[in-house]
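Undergrad: Handing you a structure now.
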Amino acid sequence: MFEIEYQGQTMHIDDSLPLLPLRDVVVYPYIIHPLLVGRAASVAAVERAMVRDHLLLVATQRDKDVDEPSPQDIHRVGTVVNITQLLRMTDGTLKILVEGVSRARITDYTRADDHYLVNVELIEDPLGVPKETQALMRGVSELFERYVKFNKRLPEAAVATVTGLDNPVLLADTIATHIPDKIELKQTILEETDPASRLRILMRVLTEEIEILKLERKIETEVKSQVQKNQREFYLNEQLKAIRRELGHDADEGRELDDLLEEIEQARMPSEVEEMAMKELDRLAKMPPMSPEASVIRTYIETLTALPWRKRTRDRLDVPRVRRKLDEDHYGLDKVKERIVEFLAVMKLTRRRKTKSPILCFVGPPGVGKTSLGHSIADAMGRRFHRLSLGGVRDEAEIRGHRRTYIGSMPGRIVQAMKKVKTRNPVILLDEVDKLGMDFRGDPAAALLEVLDPEQNYTFSDHYLEVPFDLSEVLFITTANTLHSIPDALRDRLEIIRLPGYLQHEKKEIAKGFLIPKQLAQHGLKAEQLRITEPALDRIIEEYTREAGVRSLEREIAALCRKTARLVVEKGRKSLTLQPRHLETYLGPPRFLTHELDRQNEVGIATGLAWTQVGGEILPIEVQLVPGKGDFILTGQLGDVMKESAKAAQTIVRSRARSWQVPEDLFNKHDVHVHVPEGATPKDGPSAGVALTVALVSAVTGIPVLRDVAMTGEITLRGKVLAVGGLPEKTVAAQRLGIRKILLPKDNEKDLPDLPEYVRKTMELVFIEHIDELLEHALLEPPGREAKTPRPRGAGKRGRTTAPPPAAG
């Protein structure tokens, strides 16, 4: 026996109810529904319910054509209903009016005479209406209102049945009742226990139905009007001709054709293009002026005449002047500037011969000046500049254009750019080329293959133009944040120039030379009204920004300018000199904390170096031995490559343990725990191999690691140290922390010229090839000179300290 609240009253429901199978009807709770009962078993079930408590279970048949359904022919989920009215007909059938009470699931069948009794369990709907469900209710209600508007078979009053319903269960059931001929859908909604899922199903179905109804109405309208359309157009065109003759406008039409002919002649097109334009002009002359096709042809001819078939700007080939201009606009970026100067030098030597423009691709993190560098290149060369943002572009027609058979067709963005710049040798920047998408409309990256191939783009074919257009003189520059998302075929056509993140001293120079003067001018301040000292600028870069570029730094400088402007206006302050101690007053507490060197040498702690997109970072690595069973524990959210480096370091240490006089059973009786702070930051890569090895050796031998030594490099099982990348960023991070010696792979000695000069002068850079050299420089003393005992981390001054051996686990 179940007890539920129904319409404000307590209702008792027996767990065994008569079953009334339904052919093509689904009844929902709280919905009143008339039913016609004619089968003998169904009549018997209704009679039994009327004798008892007027309650029975209605469930829909899987196949409506089955006259005597068995349990396998009936859905397991139905509705407990209350018979509110019963009318006996003369032919023995019954007309009943039922009201749904609750969803229920059939658990068992019992044959009673000529009908079924079923055991049921009620399905209760969840309480409460989350915000997501409220949003779904609103969307479904709006869709149902539109559905009723398009569906002629539903009365407009159907909308009123759902207006004001705040119960998602009742709303979904009411709307499902009004959708005709969808028995399987209605049964699915009945069986779904989550109200939000019911509403999502209805949103999908209603959206599909609305689109189908729209198409039905459109087809009906087109069929009705198609017969009259041609006659009406002919009649109206004849009237327009008569009116134009009376007004003397035929002369205007003739002048328009003469103007187009003159533009074709002045455009100096190639012969095949001019032939196509004249052919289209001839077609236009034979068409009625108001014809839709005439408008398409007119636009096509105007597009052809607007393109720069012969016109080009004169390149500025003064190489020293170009280099000065690039230096004025951008600090550093020497490799990029060198490549542009080389291109101009080649152009100057081959000015009488046609030179293919390179396809440059600037790759680097956000904010390092990739887009602005394109502006500077165009300005330095005296060329016009156009930028195309490709982020999120998914349609091939955005590059190649639409065919003229489509209404509203237009050229692709490349041809539109050429039309806008009005010269055939501009600089076109294709921004965010790594963020191109792809869907059913095509692959824009594949369309770019022809655009960015110097061997093909001199005959670039746009679907709208249908004639070749020469792009070989265009200097294309692409930008990207990463290379892995660019297809291989497209990447093969690009000359990759990497723009690394700015180092701290570069950011400081950029701020002093570019950002601060720019922000002072934008905020109406003079140089003497705001002075930011170098220590303050250093602190802003270190503690208030964490980026590869300088956008956040510029925002912080802008914030200081706003504060200064307010002081000048409100308090009459004449000048402000910012010291590091003032920054918390104007910018708030520091957003990023910097690492500090340990005060003493520690056992099991090594200082590694890491590269990130926002610059170099210190990577402290901690190793602790604890009594255990020989487990090797890695924590700190390490990636797969870094985990493998740690296991390689463990193998190296175990293989050499005897030569270092480490007890043979040490690794069997102790767990080794390796932790890399900060735990919430993912870390990966092989360059921490040497630091992991040093920390492990220190932990098992008890020899402290020198606190002012940092290291980076990959380690092999044979103890060789392999080269890694990102040395400029890593060494700057170490210098900023106060490290005095850095251990680097011998193979990276070739990268020494790339390191900042002040790093090379102020730090001791040691290049190593083997683990023995590594330990000689990293530990207080090399292992193996005497028996050593591993100890946990603890206090101690510089020098080796010992502690009692850990107890066996």
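The values are calculated or read from the model by the stated rules, or taken from the named source; none is laboratory data. The shown structure was predicted, so the numbers you read here are calculated from the model rather than taken from an experiment. All Cβ positions, even for glycine, are placed from backbone atoms using ideal geometry, and neighbour counts span all protein chains on display. When the accessible area is computed, the model is the full protein with side chains, heavy atoms only, and any ligands, DNA or RNA have been set aside. Shrake-Rupley method; radii C 1.70, N 1.55, O 1.52, S 1.80 Å.
Undergrad: What percent does the relative contact order of the range 1-139 come to when contacts are Cα pairs within less than 8 Å and at least six residues apart?
TA: Computed value for the range 1-139: 26 percent relative contact order.
Undergrad: When only C-alpha pairs under 8 Å and at least 6 residues apart count, what is the relative contact order of the range 634-690, in percent?
TA: 69
Undergrad: Ignoring ligands, DNA and RNA, what percent of the accessible area of the chain is carbon or sulfur (1.4 Å)?
TA: 50
Undergrad: I'd like the GluC sites (Glu not before Pro) in the range 326-422 restricted to DSSP loop residues with at most 11 other Cβ atoms within 10 Å, sorted by number.
TA: Hits after loop and neighbour filter: nothing returned.
Undergrad: Further question: Please pull out the direction-averaged projected area of the range 1-82, using the convex hull of its alpha-carbon atoms, in nm² to one decimal place.
TA: 5.5
Undergrad: Tell me, what is the per residue accessible area of the range 472-523 in Å², probe radius 1.4 Å?
TA: Counting only protein heavy atoms, the per-residue value for the range 472-523 is 42 Å².
Undergrad: Next up: Show the residues, 5+ positions off or on another chain, whose built amide H is closer than 5 Å to the amide H of HIS770.
TA: VAL721
Undergrad: Once phi is turned into θ = phi - 60°, what whole-Hz ³J(HN,Hα) does the Karplus curve with 6.51, -1.76 and 1.60 give for every residue of the range 412-420, x standing for Gly and Pro?
TA: Each residue's phi maps through the Karplus curve to give x, 5, 5, 5, 5, 5, 5, 5, 6 Hz.
Undergrad: Starting with the highest mean, order 537-545, 75-83 by the number of other Cβ atoms within 10 Å, averaged over the residues of each peptide.
TA: 75-83, 537-545
Undergrad: Starting at the first residue of the range 528-534, write each ³J(HN,Hα) from the Karplus equation 6.51 cos²θ - 1.76 cosθ + 1.60 with θ = phi - 60°, in whole Hz, x for Gly and Pro.
TA: Coupling constants for the range 528-534: 7, 7, 9, 10, 9, 5, 4 Hz.
Undergrad: Could you pull out every residue, at least 5 positions away or on a different chain, whose amide H is within less than 5 Å of the one on ASP443? Hs are placed 1.01 Å off N in the peptide plane, and Pro or chain starts have none.
TA: Amide H to amide H, under 5 Å and 5 or more residues apart or across chains, ASP443 pairs with GLU396.
Undergrad: Just how many % of Cα pairs in the range 114-214 lie over 21 Å apart, if you round to the nearest whole percent?
TA: 35
Undergrad: Could you list which residues have their amide H under 5 Å from that of LEU576, counting only those 5 or more apart in sequence or on another chain, with H placed in the peptide plane?
TA: Those qualifying (amide H under 5 Å, at least 5 residues apart or on another chain) are LEU530, ARG531.
Undergrad: Okay, next question. Order of 516-525, 361-370 by packing, highest average Cβ count within 10 Å first?
TA: 361-370, 516-525
Undergrad: Convert each backbone phi in the range 210-222 into a coupling constant with the Karplus relation 6.51 cos²θ - 1.76 cosθ + 1.60 (shift: θ = phi - 60°), then list the ³J(HN,Hα) values in order as whole Hz, x for Gly and Pro.
TA: 5, 4, 5, 5, 4, 4, 4, 5, 5, 4, 4, 5, 5
Undergrad: Quick one: grab the alpha carbon gyration tensor of the range 470-597, order the square roots of its eigenvalues as a ≥ b ≥ c, and give me rounded if a/c is under 1.5, else prolate or oblate depending on whether a/b is larger than b/c.
TA: It comes out prolate by the Cα gyration axes.
Undergrad: Positive end of the dipole of the range 647-719, charges at C-beta (+1 Lys, Arg; -1 Asp, Glu), about the Cα centre: which of LEU666, LEU692, SER655 has its Cα farthest in that direction?
TA: Farthest along the dipole direction, towards plus: SER655.
Undergrad: Then there's this: Classify the range 560-684 as rounded, prolate or oblate, taking a ≥ b ≥ c as the square roots of the eigenvalues of its Cα gyration tensor: rounded when a/c is under 1.5, otherwise prolate if a/b is larger than b/c and oblate if not.
TA: Because a/c hits 1.5 or more and a/b exceeds b/c, the range 560-684 counts as prolate.
Undergrad: In deg cm²/dmol, rounded to 500, what helix-only [θ] at 222 nm does the chain give when every DSSP H run of at least 4 residues adds -39500 (n - 2.57) and the total is split over its residues?
TA: So the helix-based figure for the chain works out to -12500 deg cm²/dmol.
Undergrad: Tell me the net charge near GLY628. Cut-off is 12 Å between Cβ atoms, GLY628 excluded, with +1 for each Lys or Arg and -1 for each Asp or Glu.
TA: 0
Undergrad: Give, rounded to the nearest 20 debye, the magnitude of the charge dipole that the chain has about its Cα centre when Lys and Arg contribute +1 at Cβ and Asp and Glu contribute -1 at Cβ.
TA: In total the dipole reaches around 3980 debye.
Undergrad: In the chain, how does Rg compare with the Kirkwood Rh, expressed as the Rg/Rh ratio over alpha carbon atoms?
TA: 1.12
Undergrad: Let me ask something else about it. According to the square roots a ≥ b ≥ c of the eigenvalues of the Cα gyration tensor, what is the shape class of the range 345-403, taking rounded for a/c under 1.5, prolate for a/b larger than b/c otherwise, and oblate for the remainder?
TA: Verdict is oblate for the range 345-403.
Undergrad: A further question follows. In what sequence, highest mean first, do 603-612, 578-587 appear when ranked by Cβ atoms within 10 angstrom?
TA: Taking the mean over residues of other Cβ atoms within 10 Å, the ranking is 603-612, 578-587.
Undergrad: Using a 7 Å offset from the Cα along the Cα-to-Cβ direction at both GLU263 and HIS484, what is the distance between the two label points in nm, to one decimal?
TA: Output for this residue pair reads 5.0 nm.
Undergrad: Oh, and also: Before I look further, what does the range 265-409 give for accessible area per residue, probe 1.4 Å, in whole square angstrom?
TA: Heavy-atom accessible area per residue stands at 54 Å².
Undergrad: How charged is the neighbourhood of PHE440? Take every other residue with its Cβ under 13 Å from the Cβ of PHE440, and add Lys/Arg as +1 and Asp/Glu as -1.
TA: Counting the neighbours of PHE440, the net charge comes to -2.
Undergrad: Here's another thing I want to ask about it. Taking the Cβ of ASP63 as the centre, find all other residues whose Cβ is under 11 Å away and add up their charges (Lys, Arg: +1; Asp, Glu: -1).
TA: Summing Lys/Arg as +1 and Asp/Glu as -1 gives -1.
Undergrad: Further, regarding this structure: Give me P(r) over the range 440-509, computed from all C-alpha to C-alpha distances, binned every 5 Å, as integer percentages.
TA: Reading the bins upward from 0: 3, 13, 20, 19, 15, 11, 7, 6, 4, 2, 1.
Undergrad: Please tell me the relative contact order of the chain in percent, rounded to the nearest whole number, where contacts are Cα pairs under 8 Å and at least six residues apart.
TA: 7
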